[in-house]
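Chemist: Take this structure first; my questions come after.
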Amino acid sequence: MPRRNDIESILILGSGPIIIGQACEFDYSGTQAVRVLTQEGYRIVLINSNPATIMTDPEFADATYIEPITVETVEKIIEREKPDALLPTMGGQTALNTAVGLAERGILAAHGVEMIGASLPSIRMAEDRELFLAAMQRIGLDMPQGRFVRTLEEAKAAIREIGFPAIIRPSFTLGGTGGGIAYNHEEFLWKVASGLGLSPISQVLIEESILGWKEYELEVMRDRKDNVVIVCSIENFDPIGVHTGDSVTVAPAQTLTDKEYQNLRDASIRIMREIGVETGGSNVQFAVHPETGRTTVIEMNPRVSRSSALASKATGFPIAKIAAKLAVGYTLDEIANDITRVTPACFEPTIDYVVTKIPRWDFAKFPGADDTLGVQMKSVGEVMAIGRTFKESLQKALRSLEIGRHGLGADGKDAVDVTALDDAERAAFAQELRTKIATPRADRLFDLRLAMQAGIADDELHRITGIDPWFLAQVRDIVDFEAVLRGHTMPGA
Amino acid sequence: MSNPITPEILRQAKRLGFSDIQLAATLGTTAARVRALRREWGIEPVFKTVDTCAAEFEAFTPYYYSTCETENESRPSDRKKVIILGGGPNRIGQGIEFDYCCVHGVFAVKEEGREAIMVNCNPETVSTDYDIADKLYFEPLTFEDVMRIVELEQPEGVIVSFGGQTPLKLAKDLAASGVPILGTPYEGIDLAEDRERFSALLTELGIRYPAAGNARTADEAARIAGGIGYPVLLRPSYVLGGRGMQIVYSEKTLRDFVGQALEISGEHPVLIDKFLEDAMEFDVDAVCDGTEVMIGGVLQHVEEAGIHSGDSTCVMPPTLQKESLIEELKETTRRLALALGTVGLINVQYALQNDIIYVLEANPRASRTVPFISKATGVPLAKIATKVMLGRTLRELGVSEPRISGYVAVKKAVFPFIKLVGSRQFLGPEMKSTGEVMGIADTYGEAMAKSQLGSGAKLPTAGTVFLSVSQRDKRQKTLGMAQSLIDAGFTIIATRGTSTYLYENGVETRSVLKVSEGRPDIVDEIKNGHVQLIINTPAGEVSRDDETPIGIEALAHNIPYITNISAGIALLEGIKQAQHDSGGVRSIQEYVGGRKETV
């Protein structure tokens, strides 16, 4: 089915100010959507409170509202502009939440505005943990076990089923405060009690721990004819426990067997169908147990995301642009890939290189702030690098970060020169590093190198950090070659 | 057992991604020598296309990355080309604003008939969308990586002044290697960054600036600060986003801090400036073509001096009523732009104390206020600047100073304290914000209210206001505001001093303890949901310390937090309006007048 002619004007919601977790990737996706839908001849109305965005330039949309992105304000814009459709999938969680608010209050229905790109039931099913769990059960996919509890008694019953260690997540606390992990009963009761106290609705989620599992993301697109493409797979270098936004990530996935990868593909496609995303892109996150291979679904986002921006840059496949076209009726086989001009968008990208993304943190500006990495994202930016191998892209990404390093160490900037230590000093330093790398922090990659130089073997590093042995072997190749280089001098020197 | 390096080992190192600087460090030489050796041996990276199809089909989109192989897929065209260097990873102090400027640079280069080549390594940005520039190199912004692209493309010039500090840091080495830098010559950039030379220039031009000095030891710092008089502002040189800055009120704190500052700035000295407490700050952005200057806009900061310009709330047009002072700001900007040899954008920051204008700093490059000013006025400053850098004159472009009339635009910053739990510092001379919102409306009050809403705060129309004002704010204006709050139906709780002052002047309030005075204190009141609006005007070291827990708690509970009486009065006007009707919306095209396709 080609372009929809029954709609003329489309309201696009932006994502508002740049905050941790919602940054300029939504300017990238929103700008693409505005441009492509304008080219398609639609009248575009845009709201975004962020004046530093390209998308809010007066020359892009037909009517641009630099106004607070709230249900009340959007309602006023709808009254004034009378758009036929609302596209809520380009502006992150802010846009999605606002769209749900507009739909639930009957504002869209009252003004005859159709939500395109994602439907209200799909958004609800993807975002409500209980509905999502039920959906995954219907299609036979595994999820970490979890129970919402409101009292200590319910919590005690829940932990009998879930077992230790367990994750405790208070509902609706700011920045996920009050959450944590419990390894024993005493710790558990203490953390649940505190979580119930902190949660404004006195509710906590008790969840099976999947800490240390391998984490993957798939970027998936589906059209109304049920064509599905997997744009890209992304593997987290850091295992589960570190927010994806704070993880070093690699595309395509490096350590899956073909069978495991096909499983994730099949599962993603089933999820897209069950949740009912039929005119856009989604991000699906999985955890894979490093030994048993047990695979669980973590979550899915029925919208463009930070990861879809990364996947677009990593593959050359413009997810937001194509998602916008799917939202107005096109199907994947009707959209041309503008890189090759001959292949349609239903051709899955193939890449013959490796992409590495590394986050950038700014803890130095917040003295006292907890600088350990966990479930709450803390990075303020990121870099990506492309190379023929993981090693090349990793080193390129590290020197892109502008943190005063010029690659994976070996740049004369180390606080400690491990090669200059005697055996006793080296053993003591190794012990210090064992403790340090057990907790993910901004500089863990550099510490891994030091740990290797200090004599810690890969299998021990794997035990301590949960980082896949393949990645560790790659890092070790770089470290080993550094030693080779140190054995050389300039010719004629 | 040291052997001379062989071409095979060097090639292998490059394939593993080792940079010239790493090779220099491991081989015990300099990056320049490594580079020379590589070139002698013909070990140069080539560029491959990101083509979605692993080279199975021909690719038309010029999107490249480098790798150490043999076949180069990037073929330079025979057109005139301009390379625009991006801003690299977002960080506090260098964010989306610079990507905005780069993208405008690309558009303008294309409009001027040149091939626009973008280099950047940040996947979140619009500038790295392969649809934007004619050619995109997704590469690290280091001298080594950029030079390779320059050598291949042989551009007419490179734009380094749009991507923030990242490309600017490369300017010196690029210029030294004979790469043409478009716009303000490196000399002008360096002159503005070098405090001593810049101060000398200001003196020569007869422009005032805060008394200042620089020190390399704590003793020297104490002597200088004693001479200037406290409070002083300490900062390391050559930084963006105010990293390592602090306001210091006593010699003891000064000595503690100087050690840290020297650590951050390395071989550069610590700069000591007189801190102008109570001063009003302004940002002026302009475009200069070498002979003429177009003022893009004058932004007045809502908070008084002491808060980093990237963190303060700003308003356009300025609320300052003295037209002669605004004229003086513009005229000073014009003189400075010409004196620095600016070709392109310039931003000048000012403080106004007792009707005297002081220059705080000048930067002949894109500033983070450029997109806001461009949105508020509808005039695309970065585009105009790019065309000027390519040789056009302002006169030729037919552009003139934009005027804002009939509406007000407010810029408000947003902060990450909720996610970076445990921070011991709130706002100060060091930048902390991650982003910004704009409120635009017919009146200052409504624009303030919208900026609060846009930043996620709840605009109260009833409830309790916490009021704590500094000694200097215990005056008529504050009394009037307090009375208006009560008339609008609010209850006031206030710190002891403020409460006593208000009581003596006939305004009833309940008093509440400061954080340092015992429990329950104001933070307890906020946590218990008893406060809907905070107006706190700190002055001096102690009350600035007290501000941290109050400010962070206000953010956690989405409570508007105002640090200046004039801003409080403006917001109150917005609140009063919201009590009657929820206000209107207008598109930016209606405010600034239609689509502005070209300049």
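Chemist: Kindly provide the set of residues from region B:420-444 that are surrounded by 24 or more Cβ atoms within 10 Å (Cβ to Cβ) and on the phi > 0 side of the Ramachandran plot, ordered by number.
Modeler: Scanning region B:420-444 gives no hits.
Chemist: Let me ask something else about it. Any chance region A:333-351 includes a residue that's touching a residue at least 40 places away in the same chain (Cβ under 8 Å), more than 10 Å from chain B (Cβ to nearest Cβ) and among the β-branched types (Val, Ile, Thr)?
Modeler: Looking through region A:333-351, none of the residues is touching a residue at least 40 places away in the same chain (Cβ under 8 Å), more than 10 Å from chain B (Cβ to nearest Cβ) and among the β-branched types (Val, Ile, Thr).
Chemist: Here are some conditions: (1) touching a Pro at 6+ places or on another chain (Cβ under 8 Å); (2) among the hydrophobic types (A, V, I, L, M, F, W, C); (3) crowded, with 24+ Cβ neighbours inside 10 Å. A:Val284 meets all but one. Which one does it not meet?
Modeler: Of (1) touching a Pro at 6+ places or on another chain (Cβ under 8 Å); (2) among the hydrophobic types (A, V, I, L, M, F, W, C); (3) crowded, with 24+ Cβ neighbours inside 10 Å, only one is false for A:Val284: (1).
Chemist: Filter region A:288-309 down to the residues that are touching a strand residue (DSSP E or B) at 6+ places or on another chain (Cβ under 9 Å) and under 25 Å from A:Ala23 (Cβ atoms) and list them by number.
Modeler: Selection gives A:Ile298, A:Glu299, A:Met300, A:Asn301, A:Pro302, A:Arg303, A:Val304, A:Ser305, A:Arg306, A:Ser307, A:Ser308.
Chemist: Let me ask something additional. Having 2 or more residues that are within 25 Å of A:Leu198 (Cα to Cα) is the bar; report the helices (runs of 4 or more DSSP H) wholly within region B:448-566 that clear it.
Modeler: B:522-527, B:540-556
Yes or no, residue by residue, for (1) touching a Gly at 6+ places or on another chain (Cβ under 9 Å); (2) farther than 24 Å from B:Phe372 by Cβ:
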| position | (1), (2) |
| --- | --- |
| A:Ile69 | yes, no |
| A:Glu75 | no, yes |
| A:Leu86 | yes, yes |
| A:Thr89 | yes, yes |
| A:Gly92 | yes, no |
| A:Leu96 | no, yes |
| A:Gly101 | no, yes |
| A:Gly106 | no, yes |
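Chemist: Sticking with this one: Give the number of residues within region A:60-74 that are at the interface with chain B (Cβ under 7 Å from one of its Cβ atoms) and part of a loop (DSSP other than H, G, I, E, B).
Modeler: Start the filter on region A:60-74 by keeping residues that are at the interface with chain B (Cβ under 7 Å from one of its Cβ atoms), which leaves A:63-68, A:70, A:72-73.
Imposing the further condition that a residue be part of a loop (DSSP other than H, G, I, E, B) reduces the set to A:66-68, A:70.
Summing the residues that are at the interface with chain B (Cβ under 7 Å from one of its Cβ atoms) and part of a loop (DSSP other than H, G, I, E, B) in region A:60-74 gives 4.
Chemist: Would you check which residues across region B:33-45 are free of Cβ contacts under 8 Å to residues at least 12 places away in the same chain and either aliphatic (A, V, I, L, M) or within 7 Å of chain A (Cβ to nearest Cβ) (or both) and list them?
Modeler: B:Arg33, B:Ala36
Chemist: Test B:Val109 against the stated conditions and say whether it is in contact with a Leu (Cβ under 9 Å, 6 or more places away or on another chain), open to solvent by 10 Å² or more (accessible area, probe 1.4 Å), part of a helix (DSSP H, G or I) and not assigned by TED's automatic domain parsing to the domain that holds B:Leu345.
Modeler: Spelling it out, it is not the case that B:Val109 is in contact with a Leu (Cβ under 9 Å, 6 or more places away or on another chain), open to solvent by 10 Å² or more (accessible area, probe 1.4 Å), part of a helix (DSSP H, G or I) and not assigned by TED's automatic domain parsing to the domain that holds B:Leu345.
Chemist: Please go through region A:358-397 and pick out each residue that is open to solvent by less than 10 Å² (accessible area, probe 1.4 Å), touching a Pro at 6+ places or on another chain (Cβ under 9 Å) and either more than 15 Å from B:Gln94 (Cβ to Cβ) or not in a loop (DSSP other than H, G, I, E, B) (or both).
Modeler: A:Ile358, A:Pro359, A:Phe366, A:Gly381, A:Glu382, A:Val383, A:Met384, A:Ala385, A:Lys396, A:Ala397 - these are the residues of region A:358-397 that are open to solvent by less than 10 Å² (accessible area, probe 1.4 Å), touching a Pro at 6+ places or on another chain (Cβ under 9 Å) and either more than 15 Å from B:Gln94 (Cβ to Cβ) or not in a loop (DSSP other than H, G, I, E, B) (or both).
Chemist: From the list B:Ile228, B:Ile181, B:Ile189, which one is over 29 Å from B:Leu141 (Cα atoms) and among the β-branched types (Val, Ile, Thr)?
Modeler: Criteria check complete, one pass: B:Ile228.
Chemist: Go through (1) more than 16 Å from A:Phe481 (Cβ to Cβ); (2) within 14 Å of chain B (Cβ to nearest Cβ) one by one and return the number of the condition A:Glu432 breaks.
Modeler: With (1) more than 16 Å from A:Phe481 (Cβ to Cβ); (2) within 14 Å of chain B (Cβ to nearest Cβ) applied to A:Glu432, the lone miss is (2).
Chemist: State the number of residues belonging to region B:1-31 that are without any contact (Cβ under 8 Å) to a residue 12 or more places away in the chain and either surrounded by fewer than 19 Cβ atoms within 10 Å (Cβ to Cβ) or outside any helix (DSSP H, G or I) (or both). Before the answer, list the steps.
Modeler: First, the residues of region B:1-31 that are without any contact (Cβ under 8 Å) to a residue 12 or more places away in the chain: B:1-4, B:6, B:8-9, B:12-13, B:16-18, B:22, B:24-26, B:28-30.
After this cut, where a residue has to be either surrounded by fewer than 19 Cβ atoms within 10 Å (Cβ to Cβ) or outside any helix (DSSP H, G or I) (or both) as well, the list is B:1-4, B:6, B:8-9, B:12, B:16-18, B:28-30.
Selection size over region B:1-31: 14.
Chemist: Give all pairs with beta carbons closer than 7 Å in which a residue from region B:170-198 that is under 26 Å from A:Gly404 (Cβ atoms) meets a residue that is of a type in the set (S, T, N, Q); count only pairs at least 6 apart in sequence or on separate chains.
Modeler: The qualifying pairs are B:Ala192/B:Asn363; B:Arg195/B:Asn214; B:Arg195/B:Ser237.
Chemist: May I pose another question? Tell me, please, whether a residue that is away from chain A (no Cβ under 14 Å) and closer than 23 Å to B:Asp278 by Cα can be found in region B:448-460.
Modeler: no
Conditions tested, residue by residue: (1) surrounded by 14 or more Cβ atoms within 10 Å (Cβ to Cβ); (2) more than 18 Å from A:Ile275 (Cα to Cα); (3) free of Cβ contacts under 8 Å to residues at least 60 places away in the same chain; (4) not acidic (Asp, Glu).
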site: A:Arg124; (1), (2), (3), (4): yes, no, yes, yes
site: A:Arg129; (1), (2), (3), (4): yes, no, no, yes
site: A:Gly146; (1), (2), (3), (4): yes, yes, no, yes
site: A:Lys156; (1), (2), (3), (4): yes, yes, yes, yes
site: A:Thr173; (1), (2), (3), (4): yes, yes, yes, yes
site: A:Ile181; (1), (2), (3), (4): yes, yes, yes, yes
site: A:Lys191; (1), (2), (3), (4): yes, yes, yes, yes
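Chemist: So for region B:145-159 (the condition being within 25 Å of the chain's Cα centre (by Cα) and more than 14 Å from chain A (Cβ to nearest Cβ)), does at least one residue qualify? Spell out the reasoning first.
Modeler: Quick first cut of region B:145-159, residues within 25 Å of the chain's Cα centre (by Cα) only: B:146, B:158-159.
Of the ones still in play, those that are also more than 14 Å from chain A (Cβ to nearest Cβ) are B:158-159.
Scanning region B:145-159, I find at least one residue that is within 25 Å of the chain's Cα centre (by Cα) and more than 14 Å from chain A (Cβ to nearest Cβ), so the answer is yes.
Chemist: Please go through region B:349-378 and give me each residue that is within 24 Å of B:Ser451 (Cα to Cα) and away from chain A (no Cβ under 14 Å), ordered by number.
Modeler: B:Gln349, B:Tyr350, B:Ala351
Chemist: Continuing with this model, one more query. Restricting to region A:312-343, count the residues that are open to solvent by 30 Å² or more (accessible area, probe 1.4 Å) and closer than 14 Å to B:Phe57 by Cα.
Modeler: Of the residues in that region, 4 qualify.
Chemist: Just a yes or no: is a residue in region A:48-59 at the interface with chain B (Cβ under 9 Å from one of its Cβ atoms) and assigned to a helix (DSSP H, G or I)?
Modeler: Checking region A:48-59: not a single residue is at the interface with chain B (Cβ under 9 Å from one of its Cβ atoms) and assigned to a helix (DSSP H, G or I).
Chemist: Hey, another quick one. Do any residues in region B:220-234 that are on the phi < 0 side of the Ramachandran plot have Cβ atoms under 8 Å from those of residues that are charged (D, E, K, R) and part of a loop (DSSP other than H, G, I, E, B), where the two are at least six apart or on different chains, and which pairs are they?
Modeler: B:Pro231/B:Glu277
Chemist: From the list B:Gln353, B:Gln349, which residue is crowded, with 19+ Cβ neighbours inside 10 Å and touching a Leu at 6+ places or on another chain (Cβ under 6 Å)? Can you show your working first?
Modeler: Values: B:Gln353 fails: crowded, with 19+ Cβ neighbours inside 10 Å.
Every option except B:Gln349 fails the conditions.
Chemist: Which of the residues spanning region A:25-45 are at the interface with chain B (Cβ under 9 Å from one of its Cβ atoms) and in a strand (DSSP E or B)?
Modeler: Hit for region A:25-45 is A:Val45, nothing else.
Chemist: Then there's this: Within region B:49-66, how many residues turn out to be more than 7 Å from chain A (Cβ to nearest Cβ) and part of a strand (DSSP E or B)?
Modeler: 3
Chemist: Turning to a different aspect of this structure: Of the conditions (1) out of contact with any Gly (no Cβ under 9 Å at 6 or more places or on another chain); (2) of a type in the set (Val, Ile, Thr); (3) without any contact (Cβ under 8 Å) to a residue 12 or more places away in the chain, A:Val36 clears all except one; give me its number.
Modeler: (3)
Chemist: For the condition among the charged types (D, E, K, R), farther than 30 Å from A:Gly178 by Cα and touching a His at 6+ places or on another chain (Cβ under 8 Å), what is the one hit in B:Lys375, B:Lys383?
Modeler: B:Lys383
Chemist: When only residues in region B:89-128 that are more than 24 Å from B:Ser66 (Cα to Cα) and without any contact (Cβ under 8 Å) to a residue 60 or more places away in the chain count, which is nearest to the other protein chains (Cβ to nearest Cβ)?
Modeler: This residue is B:Lys110.
The values are calculated or read from the model by the stated rules, or taken from the named source; none is laboratory data. Just so we're clear, the structure is a prediction, and the values are computed from it rather than from any experiment. Cβ coordinates were reconstructed from backbone atoms using ideal geometry, including for glycine residues, and neighbour counts include every protein chain displayed. Just the protein is used for accessible areas: all its heavy atoms, side chains included, with ligands, DNA and RNA removed. Shrake-Rupley method; radii C 1.70, N 1.55, O 1.52, S 1.80 Å.
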